[in-house]
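Notes for the one structure printed next.
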């Protein structure tokens, strides 16, 4: 299987809440757009520290992360980030490590997106092509 990359828009969720309440000038909303690697082996979304800093996110705590090679490390967990992919969005705390954006399973599940390995892309779940449906 080849790598699946997708354009992602990341927004500081606290900034967005303040803008919606009229407490922050919309021009001050911190947004970052980039290409992300979809990693079906990762549970959570991962951001590099450089992007965390550009978005003005605070590190709220630490989480033990286990890498594919079995090694473990304590890494930062951010304040909430709005993650937008192919017209769908969700909000979650992200992990901080590495130097690329990784989209993990929680975002894929929440947005009801599937990996189309043959065409190396993300697609909406064919059972719900127009909107995400969350299983409970």
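The values are calculated or read from the model by the stated rules, or taken from the named source; none is laboratory data. What you see is a predicted model; the values in this text were computed from it and never measured. FYI the Cβ positions are ideal-geometry reconstructions off the backbone, even for glycines, and counts take in every protein chain you see.
Taking the criterion of being outside any helix (DSSP H, G or I) and within 29 Å of residue 117 (Cα to Cα), would at least one residue in the stretch 23-30 satisfy it? No: zero hits.
For the criterion of being over 10 Å from the mean Cα position of the chain (by Cα), under 27 Å from residue 125 (Cα atoms) and assigned to a strand (DSSP E or B), residue 35 passes.
For the stretch 46-55, the criterion of being at pLDDT 95 or above, surrounded by fewer than 18 Cβ atoms within 10 Å (Cβ to Cβ) and out of contact with any strand residue (DSSP E or B) (no Cβ under 9 Å at 6 or more places or on another chain) is satisfied by at least one residue.
When you check residue 58 against the structure, is it touching a residue at least 60 places away in the same chain (Cβ under 8 Å) and surrounded by fewer than 16 Cβ atoms within 10 Å (Cβ to Cβ), yes or no? It is false that residue 58 is touching a residue at least 60 places away in the same chain (Cβ under 8 Å) and surrounded by fewer than 16 Cβ atoms within 10 Å (Cβ to Cβ). One residue stands out in the stretch 74-107 among those that are in contact with a strand residue (DSSP E or B) (Cβ under 7 Å, 6 or more places away or on another chain) and in a helix (DSSP H, G or I): the one that is surrounded by the fewest Cβ atoms within 10 Å (Cβ to Cβ), namely 106.
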